[in-house]
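Scroll down for the structure; my scribbles are underneath it.
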Amino acid sequence: MRLNELSDNPGATKPRMRVGRGVGSGKGKTAARGVKGQKSRSGVAIKGFEGGQMPIHMRLPKRGFNKPNRKRWTELSIANLERAIQAGKLDLSKDVDAEALVKAGVVRRARDGVRLIGGGTISKAVKLVVSGATPGATKIVEGAKGSVTVTDAKPVRAKKDADAKPKKKTAPKPAAKAEAPKAAAKKPAAKTDAAPKAEAKKADAKASGDYDKHIPYFKNITEKYDAKADEAVVMTITKYLGASLNNRDAKYVSCTDETERQTVRDAFLKKKLGLKDENDVLDAKVMAVCDEMKAAKQRMKDRVTFYYLLAKNEGKLGDL
């Protein structure tokens, strides 16, 4: 036996894996990692990655060891109980339960029950009916010749007596004062004449809620075309067009559209104003208004102003 003949038992040692030597290493091109890029590098652990969506460990709620239906107790210390006894808040001739403690203002709310805790002394005997109590607190109450009764019943919801707000007494309304004869004398006499037509139209517009809708058109007409324009006429045209003014396509007149010009001719000049001229003549009147508004540098030709100028050119403002 020579030193160069010494060796480990077969299978006792393994040769180191030589990575990065290509497919001839026996571990394949990627050295048994299977992928390229980030996952082929050392120091990288992509655990729980789900392609960009919210991972399951973040989607699930984290409740831990807290019971979702656990009970919430209100703690009553011996010191607070003694303070209430000294203040005379509790009726010691009866059983003192959670409802009595809340009404006396000793605890704010009972929740799922009152638990007696703490240490100290009690000067008077008290009969407590609570949902739980510590052994030390029970001995203190019993040492003062009192008793502690533990019950599983859910406490009745009660409010503090001091929080109960008395109903407000409503004072009787004073009797209506008799109107003096002088006040009746000061009232102006009712007008016997009928209201003007313009005033009547304004009143109707106010009643329908469309009174303010015509104001921008009326301002545009008085500033650019007719300083003496009648507001009632503009109001009538606005009311005639109605809800179509809310639509942008129907709110303006396109003078470059022949179909639009024919609609103005047939719907307004013929039907509304009652003109019976030839179509060529009426088309010329529509184009005249287009030229007039173009000269006034009004690129967007609103339908209210357009119809007003048509009626004005024909002397039909009074017929609207």
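Please treat every number below as a calculation from the coordinates, not as lab data. All values reported here derive from a predicted model rather than from experimental measurement. Counting neighbours? That spans all protein chains shown, and the Cβs are built from the backbone with ideal geometry, glycine included.
For trypsin sites (Lys or Arg not before Pro), the sites in the range 218-320 that DSSP calls loop and that have at most 13 other Cβ atoms within 10 Å are Lys228, Lys271, Lys276, Lys297, Arg299. Computed from backbone phi with θ = phi - 60° and the Karplus coefficients 6.51, -1.76 and 1.60, the 3J(HN,Hα) list for the range 83-90 is 5, 5, 5, 5, 7, x, 7, 9 Hz; x is used for glycine and proline.
Computed over neighbours whose Cβ is under 10 Å from that of Cys255, the net charge equals -1, Lys and Arg +1, Asp and Glu -1.
For the listed residue pairs Lys89/Lys145; Lys213/Lys276; Lys219/Lys271; Lys239/Lys312; Lys213/Lys272, the alpha carbons are over 24 angstrom apart in Lys213/Lys276; Lys219/Lys271.
Using the Stokes-Einstein relation with a Kirkwood hydrodynamic radius computed over Cα pairs, the translational diffusion coefficient of the range 74-161 at 20 °C and a viscosity of 1.002 mPa s comes to 170 µm²/s. Extending 7 Å from Cα along the Cβ direction at Met287 and again at Lys139 yields two label points whose distance is 11.5 nm. Distances between placed amide hydrogens fall under 5 Å for Ser77 paired with Ile117, all partners being 5 or more residues away or on another chain.
Here the translational diffusion coefficient of the range 197-319 follows from Stokes-Einstein with Rh set to the Kirkwood radius across Cα pairs; for 4 °C and 1.567 mPa s it amounts to 88 µm²/s. For the range 265-316, place one equal point scatterer on every Cα, skip the solvent, and apply the Debye formula. What is log10 of I(q)/I(0) at q = 0.19 Å⁻¹? Per q value, in the given order, log10 I(q)/I(0) is -0.59.
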